[in-house]
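Encoded as structure tokens, the structure appears first; notes follow it.
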Amino acid sequence: MDWGYIFAVMVTSAFGLQAIVFGLAAIGINVQFGYTGLLNFGQAAFMAVGGYAVAVTVVELGLSFWWGVLFGLIGAVLLALLLGVPTLRLRADYLAIVTIAAAEIIRLILRSVAFKEIFGGSDGKQAFADGFFELSFLSADADLRIGPAVVNDRQLFTYIVGWSLVALACLVVWLLVRSPWGRVVKGIREDEDAVRSLGKNVFVYKMQALVLGGIFGALAGFVTAVGAQNVNPDSFKTDATFFAYAILILGGAARVFGPVLGTVIFWALFQGTDVFLREGIDAGLPIISLMDGTQAAVLRVMLVGLGLMLLMIYRPQGILGDRRELALDAR
Amino acid sequence: MPDSASTSAMPKHEEAVRFLADVPREPGVPKPDPILVADGVHRNFGGLTAVDVKHVEIQRGSITALVGPNGAGKTTFFNLLTGFDTPDSGSWLFNGKDIAGVPSYRVARMGMVRTFQLTKALSKMTVIDNMRLGGTNQVGERMLQAILGLWRGQEKTITAKADELLSRFKLFEKREDFAGSLSGGQRKLLEMARALMTDPTMVMLDEPMAGVNPALTQSLLEHIKGLREDGMTVLFVEHDMDVVRDISDWVIVMAQGQVIAEGPPDEVMRNEAVISAYLGGHHDKALTDTGVSFTQESSDS
């Protein structure tokens, strides 16, 4: 058992690419679900729009990376409007149904044979991130070593930019939720008729929340695209949306730093259990070594599921959540 | 300020009574100075006619009670007038403006604000935040201004106004508590105070006394009278006939979706049509003498 290695994996996962990507996606869901009460089950689609906008703009249109970012943001806004206009006047569950379906439609279009020329089918798109790494201020040998784990300069640059985006997103959310705007959306979350009766245009606020959350989703898409230097339709499955929800609930919904804390802990544990089990099998630990590597990979998902269940039972408000708010619900 | 509600000199009350003295006691009668005029308001729920009001007018500056047995369509009529429901046909003027089909939030902005039968105090917010939410034209409610923090000055003004109303409604000590921790009656008070944050000209109260501890009833009544003293028009749905008699200048009786009688409270309660609508028979006693209480139903169409 190489505990140092396990620890190093946990640290690099806690602050690595996945943590950033899902942190941003969860911040978006926090705006929508946490504060406004909108059930967006299609965050993966917003991530896909961001990622693919960059890839297609650079590879197919031959434009610079920044045009891709611009198109991705516009695309996320348009997608939010498209999903929101027909559903936001209806009950909350309609948005949930429409977003989960739209996300699957978008993913299936991206991986379809018909559009293989543009979106690259199930292989996705590669070789578009150079424009991003040209901005790097790090020299090529600026590797970061955490024990046995090595973070190369490109990864390090992506992480720095990614965490800056997370910080920026948190700042925006923090400024918004403590303002009268935040008061209105929190009112909508609880009872939109009450807010309407006070002269607020509820539809507009829900739309703003949906668009803002979608933009954060697109940012997550940009980061995963440049970080992996690859976009692939299967990384935008519904699982991605629900990982982000799990992260949000773990950290604490309707808390500015809930998604950030959630993503750090989630990825540390998710990858940590993986290496721990693998190391355990190699070291011949009792019980654990009865499994092979494939079984261990499944077991860790079960363990994460168990962890989330225990969390829901013993701390349903998440780590940073306020128990009193939940308790008031029961009245 | 706290006791302004209980100054029962009632010049406005007398004014309203005097204005209404010569108005004939018949359904749909025109009033001298109506703030709200509704015509041909019709609402069906799958074949059932919930509301079928041919003509009704509400006198400005008065307290008008809307009464009627269960299922008479009072709450539906309220929902229609305030834009929370859409009629099959009909039009109504508020302050001379046609507001049929205007969305509820705009109706509220035009000065017609309502409360709900099942109180909608936002329980996960503090009392003061509930109040602040009622403030109108807040720059900080626009996204960009909210991010740039351009709302702090206005927030102080709004908070000062909210605190004043909270002391008037005796909720100031509860300022920092979650609204969910208030009693039913206090929530009604909060909802009413919050509605006043919008500076309404007309206040629509849907069963303001439902589920209120009798000890609070009197103070709620005084607050409603206070609204009239401050120049607002009040239209309220109520079942308790003693309450109706105590505070209203005029009573409109609905049954089966229609206005069946109008008049000052004492006269309306002796009206044959009204008594038979309530009791379904030929009872010759006034409603409050029968000992029957028409209080607190949990739901109303």
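Remark: for residue pairs B:Lys74/B:Lys97; B:Lys54/B:Lys74; A:Lys186/B:Lys74; B:Lys124/B:Lys188, the C-alpha separation exceeds 19 Å in B:Lys74/B:Lys97; A:Lys186/B:Lys74. For peptide B:93-106, the mean count of partner chain Cβ atoms within 10 Å of a residue's Cβ comes to 2.
Annotation: aspartates and glutamates with alpha-carbon distance below 13 angstrom to A:Lys237 (same-chain offsets under eight excluded): A:Glu104. Label-to-label distance for A:Leu168 and A:Leu135 is 0.7 nm, based on points extended 7 Å past Cα in the beta-carbon direction.
Inside 10 Å of the C-beta atoms of A:197-210, what's the mean count of C-beta atoms belonging to other chains? Could you put the intermediate results ahead of the total?
Details: counts 18, 16, 16, 9, 6, 3, 2, 4, 2, 0, 0, 3, 1, 0.
Mean partner-chain Cβ count within 10 Å for A:197-210: 6.
Karplus-derived 3J(HN,Hα) values for the stretch A:31-43, using 6.51 cos²θ - 1.76 cosθ + 1.60 with θ = phi - 60°, are 4, 6, 8, x, 9, 9, x, 8, 8, 8, 9, x, 4 Hz; glycine and proline are entered as x. Report P(r) for the protein assembly as shown: all Cα-Cα distances, bin width 20 Å, range 0 to the bin holding the largest distance, values in whole percent. Computed distribution, short to long bins: 17, 41, 26, 14, 2, 0.
Amide H contacts under 5 Å for B:Ile260: B:Val253, B:Met254, B:Ala255, restricted to partners 5 or more places along the chain or on a different chain, H placed in the peptide plane at 1.01 Å from N.
Couplings for the stretch A:45-54, taken from phi via the Karplus curve 6.51 cos²θ - 1.76 cosθ + 1.60 with θ = phi - 60°, read 5, 5, 5, 4, 4, x, x, 5, 4, 5 Hz in order; Gly and Pro are left as x. Can you tell me which lysines have their Cα less than 22 Å from the Cα of B:Lys12? Leave out same-chain residues fewer than eight positions away. Result set, ordered by chain and number: B:Lys31, B:Lys225.
What the Cα atoms of chain B give is an Rg and a Dmax of 19.3, 68 Å. Amide H contacts for A:Ile146 (H built 1.01 Å from N in the peptide plane; partners 5 or more residues away or on another chain; cut-off under 5 Å): A:Val151. Computed from backbone phi with θ = phi - 60° and the Karplus coefficients 6.51, -1.76 and 1.60, the 3J(HN,Hα) list for the stretch A:297-308 is 4, 6, 4, 5, 5, 4, 4, 5, x, 4, x, 5 Hz; x is used for glycine and proline.
Please list B:248-257, A:155-164, B:152-161 highest first by mean number of surrounding beta-carbon atoms within 10 Å per residue. Walk me through the numbers on the way to the answer.
Values: B:248-257: 23.6, A:155-164: 18.1, B:152-161: 14.0.
Per-residue mean Cβ counts within 10 Å order the peptides as B:248-257, A:155-164, B:152-161.
Look at where the Cα atoms of the stretch B:78-151 and of the stretch A:183-248 average out, and the two centres are 25 Å apart. Computed packing ranks the peptides A:290-303, B:179-192 as B:179-192, A:290-303, most packed first, by mean other Cβ atoms within 10 Å.
Counting every other Cβ atom within 10 Å of each residue's Cβ, B:Asp85, A:Asp130 order from fewest to most as A:Asp130, B:Asp85.
Using 1/(1 + (r/R0)^6) with R0 = 30 angstrom and r between the beta carbons of A:Ser122 and A:Val150, what's the FRET efficiency to the nearest 0.05?
Given R0 = 30 Å and the Cβ-Cβ separation, E is 0.50.
Note on the stretch A:3-237: Cα convex hull, mean projected area over all directions, 14.1 nm². Averaged over peptide B:121-127, the number of partner chain Cβ atoms lying within 10 Å of each residue's Cβ comes to 5.
Computed from the coordinates by the stated procedures, all read-outs in this text should not be read as laboratory data. Since the structure is predicted, the reported quantities are computational estimates derived from the model, not experimental observations. Don't worry about glycine lacking a Cβ; one is built from the backbone with ideal geometry, like all the others, and counts go over all protein chains shown.
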